[in-house]
Amino acid sequence: MRPCLLFMSADQTGRRPGRVMRAPENFLGPADIAAVKAGRRDFLRNSLLAASAALAGAAAPLRAADGEAAILNPSAFSTSLGQPVAARAYGLPSKYEQNLARRESPGLTRVSAASVSFAPLQGFFGIITPSGLHFERHHQGWQDIDPAQHRLMVNGLVKSARVYTMDDLMRLPSVSRMHFIECGANSGMEWGNVAVPTVQYTHGMLSCCEFTGVPLSVLLDDCGFDRKNGKYVLAEGGDGAGLTRTIAMDRALDDVLVAWAMNGEMLRPENGYPLRLVVPGVQGVSWVKWLRRLEVGDQPWFAREEAMHYIDLMPDGLHRQFTSIQECKSVITSPSGGQKLIDKGYYSITGLAWSGRGKIRRVDVSLDGGRNWKQARLETPVLEKCLTRFNIPWVWDGGPAILQSRAQDSTGYVQPQSRQLRAVRGTRSIYHNNAIQSWGLADTGEVSNVQVG
Amino acid sequence: MSRSAKALLAVVLALSASAAMAQGKYPGIGRVATPDEVRAWDIDVRPDFKGLPAGSGSVAKGQQVWEGKCASCHGVFGESNEFFTPIVGGVTPEDVKRGRVAALISKPELQRTTLMKMSSIATLWDYINRAMPWNAPKSLSVEEVYAVTAFILNLGEILPDSFVLSDKNIGEVQKLVPNRNGMTRKHGLWDVKGLPDVKNTLCMKDCPVGAGGKVQIVSSIPDYARDAHGNLAEQNRVVGPVRGVVTAKGAVAQAAPAPSEPGALANASNCLACHATDRKVVGPSFNEIAGRYKGDNAAPSRLAAKIKDGGAGAWGNVPMPPHAGMKTEEIQLLVRWILNGAVPN
């Protein structure tokens, strides 16, 4: 490791190594370049003049302009009429942004209706996930349910079992809150060794949105639930899987929402339209989509997704059941695996931190594989059970480095190293891998997924 | 109005009256669920068998259901991992006695089967009842669910061929579940205030890292797998501090194409769970189908009807399930595509 890789502090911006600017686009062919080298000193000027004139379709300027074509030459977009309003009734990203898309990890699953698509964290800013890029995990395919036909039933240990239409629910007093949702198996492919190349696949079963809905406690109260014997709530989906999960009553009464909206619009079908449960801090499988029923009971249910899957195998051969909380975790998203720095010089290393037990208190970043650390800046807002964006200034001098981030949450818990996790839980847990992520930076500027020991 | 209808109306009115009284805070919101509605939806079965409907089903009946509706995905012996993780395998008579599956420790390389992980037979019954078969969930009768549950345990050599599983004896069968003592809830990940089991510190300088205190790269993506996730250059923004690394030409992990393209439609409609273009999977390959019906002008409408209503016999005994949910124009698009060689988009 070279010792000269320095973080920048705010007051010491340093001298930015000059970046070699490219010549104005393709004015000179190989023959022209040879001519310039051979000493025709006026050649470049004439060539630039000709190119400018051709592009502008106007009279040639009186003297040679010195600068970039992007500035000197009028562009098509600034010299023509643009598209009218509502040309796209529902707006879409720029065509230049199509690389940022949800993707499956090849070979991870064999049936795409029971699969995962990962969110492109490498391209996100701030903390909110665009609705169309929210990760997907379906257990029996997704449905687009007519909201007029959707019903929510509450039954079990209640004074009276009740049925609510969407009309009913959306008349109730709603709250809007931002929370992260992370699949319990996020980073699950990396327990034993490096398996996937980019942050999209290592951490992309993670999203964070503003959700709007009615607190579950309001509905449980409305049905007169049994406060003495009602210890658990079962949530059940209305899709083919009829996915069911048990939620502890103290969680249910705390900050759980029955939500119909995400990022200011109704939920997308892939995210449970028209109704889903939001269980802040708890793994995504509990956020039951297409929610059709809630049952109050005195014992947990041992549903398939809490008794056959989403159980964590420990080294002693026992499976941990009901592992729900997503512990404190962070990852650098830029630069990250599969990316290449465009040049030496200044960068803002940035990433995401989160905890299912509260707020992010601090994030530290290391450039030498975890030997030495420096505290990063937390961007606001910093919210409970929500993604927090961090950044730290850095000048890359062209040497190799191993980038890591390490988060601490409001309980004081510090995100562990892989070896610390493995010492307790082995490597076959699949779920709840919240280890520190390492990105190896080569002197070529290429970043790759590595694990250090 | 018949007497029974009057009686029912009285019950309903009484229920709504009590509900109206109970409900002070949000007048006009929600209504009381009828007992029939609760029965229709409250299908969950707990480990104490609360919610389990009375009934029974034999291993023999289970085998019949299995071969018709389950084997095409899960394999004749429940061993297949072609589409889903295997159901049967990895458990021994010793495990059945002990209630712990030894292979979970002794054979770490073994893919974990349903029978190796399951601690409660209620989980199996409930899941088959609510979510199986894959493409027609909630279509099995109570007898069929008992029967298939019994047959799976029979495949695992836990129940004899002659066994009839019922609500009366399921409690006894639970005592034979191989991994019934294999779960623990002693951990801090259930309660939001639970104690963590792994600890790190906020060390800032010269921190211990590897075994020898030195930083060493112990794992990385091997060169041959550089393009396993497609061309990373096409998965990153074209502007900003970084670009995606060029890892491959051609093989790109595509973003989901629009399902109006037949290949994507075939995938979205789960055709590809059982069919491939050039090889037999569960059903015949698309190329075999195109070959057999070449020049047959009546084939498109016959095949469209088969996709819609299901069929069996033309290519062997494994039936193709009906696809009632697909639109006619989608089916026609797929048939044309298959008969034209099923060229990938």
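The values are calculated or read from the model by the stated rules, or taken from the named source; none is laboratory data. All values derive from a computational prediction rather than experimental measurement. Note that we place each Cβ from the backbone using ideal geometry, even for glycine, and neighbour counts take in every protein chain shown.
Going residue by residue through segment B:104-126, is there one that turns out to be of a type outside the set (Phe, Trp, Tyr), more than 12 Å from every other protein chain (Cβ to nearest Cβ), in contact with a Lys or Arg (Cβ under 9 Å, 6 or more places away or on another chain) and over 22 Å from B:Pro322 (Cβ atoms)? Before the answer, list the steps.
So in segment B:104-126, the residues of a type outside the set (Phe, Trp, Tyr) come out as B:104-124, B:126.
Remaining after also requiring more than 12 Å from every other protein chain (Cβ to nearest Cβ): none.
No: segment B:104-126 contains no residue that is of a type outside the set (Phe, Trp, Tyr), more than 12 Å from every other protein chain (Cβ to nearest Cβ), in contact with a Lys or Arg (Cβ under 9 Å, 6 or more places away or on another chain) and over 22 Å from B:Pro322 (Cβ atoms).
I'm checking my understanding of the structure. Among residues of segment B:23-50 that are more than 9 Å from chain A (Cβ to nearest Cβ) and either over 19 Å from A:Leu169 (Cα atoms) or aliphatic (A, V, I, L, M) (or both), which one is surrounded by the most Cβ atoms within 10 Å (Cβ to Cβ)? Ranking the qualifying residues of segment B:23-50, first place goes to B:Phe49.
Quick one: which of A:Gly132, A:Gly123 is touching a strand residue (DSSP E or B) at 6+ places or on another chain (Cβ under 9 Å), within 12 Å of chain B (Cβ to nearest Cβ) and surrounded by 11 or more Cβ atoms within 10 Å (Cβ to Cβ)? Walk me through how you get there before you give the answer.
On the way: A:Gly132 fails: touching a strand residue (DSSP E or B) at 6+ places or on another chain (Cβ under 9 Å).
Testing whether each residue is touching a strand residue (DSSP E or B) at 6+ places or on another chain (Cβ under 9 Å), within 12 Å of chain B (Cβ to nearest Cβ) and surrounded by 11 or more Cβ atoms within 10 Å (Cβ to Cβ) leaves just A:Gly123.
Taking the criterion of being of a type in the set (Asp, Glu) and out of contact with any strand residue (DSSP E or B) (no Cβ under 7 Å at 6 or more places or on another chain), the residues of segment A:367-400 that qualify are A:Glu384, A:Asp397. Note on segment A:294-329: residues that are under 26 Å from A:Met153 (Cα atoms), assigned to a loop (DSSP other than H, G, I, E, B) and in contact with a strand residue (DSSP E or B) (Cβ under 6 Å, 6 or more places away or on another chain) amount to 4. Within segment A:68-109, the set of residues being in contact with a Pro (Cβ under 9 Å, 6 or more places away or on another chain) and within 19 Å of B:His229 (Cα to Cα) comprises A:Asn99, A:Leu100, A:Ala101, A:Arg102, A:Arg103. Scan segment B:324-345 for residues that are closer than 15 Å to B:Asn270 by Cβ and at pLDDT below 75 and the total you get is 2.
Here the helices (runs of 4 or more DSSP H) wholly within segment B:95-203 that include at least 3 residues being buried (at least 21 other Cβ atoms within 10 Å of the Cβ) are B:114-117, B:121-131, B:142-155. Scan segment B:128-137 for residues that are without any contact (Cβ under 8 Å) to a residue 60 or more places away in the chain and either of a type in the set (D, E, K, R) or touching a Ser or Thr at 6+ places or on another chain (Cβ under 8 Å) (or both) and the total you get is 1. When A:Ser160 is tested against (1) touching a His at 6+ places or on another chain (Cβ under 8 Å); (2) part of a loop (DSSP other than H, G, I, E, B); (3) within 9 Å of chain B (Cβ to nearest Cβ), exactly one condition is not met: (1).
Please enumerate the residues belonging to segment A:317-355 that are within 7 Å of another protein chain (Cβ to nearest Cβ) and of a type in the set (Gly, Ala, Ser).
Initially, segment A:317-355 is screened for residues within 7 Å of another protein chain (Cβ to nearest Cβ), giving A:317-325, A:327, A:334-335, A:338-342, A:347.
A:Gly317, A:Ser324, A:Ser334, A:Gly338 - these are the residues of segment A:317-355 that are within 7 Å of another protein chain (Cβ to nearest Cβ) and of a type in the set (Gly, Ala, Ser).
In the set (1) touching a Phe, Trp or Tyr at 6+ places or on another chain (Cβ under 8 Å); (2) assigned to a strand (DSSP E or B); (3) crowded, with 18+ Cβ neighbours inside 10 Å, the condition left unmet by A:Ser176 is number (3). Checked against (1) among the hydroxyl-bearing types (Ser, Thr, Tyr); (2) within 13 Å of another protein chain (Cβ to nearest Cβ); (3) more than 30 Å from B:Gln235 (Cα to Cα), A:Ser176 passes all but a single condition, namely (2). If you go through segment A:330-355 and keep only what is among the polar types (S, T, N, Q), farther than 27 Å from B:Gly213 by Cα and in a loop (DSSP other than H, G, I, E, B), you end up with just A:Ser355. Applying the condition of being within 8 Å of another protein chain (Cβ to nearest Cβ), surrounded by 19 or more Cβ atoms within 10 Å (Cβ to Cβ) and not hydroxyl-bearing (Ser, Thr, Tyr) to segment A:411-435 and asking which residue is farthest from B:Gly213 (Cα to Cα) yields A:His432.
Selection of segment B:225-255 for residues being more than 7 Å from every other protein chain (Cβ to nearest Cβ) and at pLDDT below 75 yields B:Lys249, B:Gly250, B:Ala251, B:Val252, B:Gln254. Against the criterion of being of a type outside the set (S, T, N, Q) and either within 26 Å of A:Gly440 (Cβ to Cβ) or not in a loop (DSSP other than H, G, I, E, B) (or both), A:Gly358 does not qualify.
The C-beta contact set for segment B:176-189 (first residue in contact (Cβ under 8 Å) with a residue 40 or more places away in the chain and at negative phi, second residue among the small types (Gly, Ala, Ser) and not in a loop (DSSP other than H, G, I, E, B), distance under 9 angstrom, 6+ apart or interchain) comprises B:Met183/A:Ala307.
Scan segment A:376-427 for residues that are in a loop (DSSP other than H, G, I, E, B), hydrophobic (A, V, I, L, M, F, W, C) and touching a residue at least 40 places away in the same chain (Cβ under 8 Å) and the total you get is 3. Among the residues of segment B:206-216, some residue qualifies, meaning at least one is over 29 Å from A:His319 (Cα atoms) and small (Gly, Ala, Ser). Select from segment A:436-453 the residues that are more than 9 Å from chain B (Cβ to nearest Cβ) and in a strand (DSSP E or B) and write down the one among them that is surrounded by the fewest Cβ atoms within 10 Å (Cβ to Cβ). Here the answer is A:Leu441. Taking the criterion of being facing chain B (nearest Cβ under 10 Å) and within 16 Å of the chain's Cα centre (by Cα), the residues of segment A:356-400 that qualify are A:Gly356, A:Lys385. Can you name the number of the only condition in (1) more than 9 Å from every other protein chain (Cβ to nearest Cβ); (2) out of contact with any strand residue (DSSP E or B) (no Cβ under 6 Å at 6 or more places or on another chain); (3) of a type outside the set (A, V, I, L, M) that B:Arg130 fails? Single failed check for B:Arg130: (1). Scanning segment A:88-120 for residues that are surrounded by fewer than 16 Cβ atoms within 10 Å (Cβ to Cβ), among the hydroxyl-bearing types (Ser, Thr, Tyr) and in a helix (DSSP H, G or I) yields a total of 1. Checking each residue in segment B:287-322 for being over 28 Å from B:Gln64 (Cα atoms), in contact (Cβ under 8 Å) with a residue 40 or more places away in the chain and either aliphatic (A, V, I, L, M) or in contact with a strand residue (DSSP E or B) (Cβ under 8 Å, 6 or more places away or on another chain) (or both) picks out B:Ala290, B:Ala299.
Can you tell me which residue in segment A:192-238 is farthest from the other protein chains (Cβ to nearest Cβ), limited to those that are in a loop (DSSP other than H, G, I, E, B) and surrounded by 22 or more Cβ atoms within 10 Å (Cβ to Cβ)? So that I can check it myself, show each step before the final result.
Here is the first cut: in segment A:192-238, the residues in a loop (DSSP other than H, G, I, E, B) are A:192-198, A:204-205, A:223-224, A:226-231, A:238.
Next, only the ones that are surrounded by 22 or more Cβ atoms within 10 Å (Cβ to Cβ) stay: A:194, A:196-198, A:204-205, A:223, A:238.
Details: A:Val194: 4, A:Val196: 6, A:Pro197: 5, A:Thr198: 6, A:Gly204: 11, A:Met205: 15, A:Cys223: 8, A:Gly238: 9 Å.
If we take residues in segment A:192-238 being in a loop (DSSP other than H, G, I, E, B) and surrounded by 22 or more Cβ atoms within 10 Å (Cβ to Cβ), then A:Met205 is farthest from the other protein chains (Cβ to nearest Cβ).
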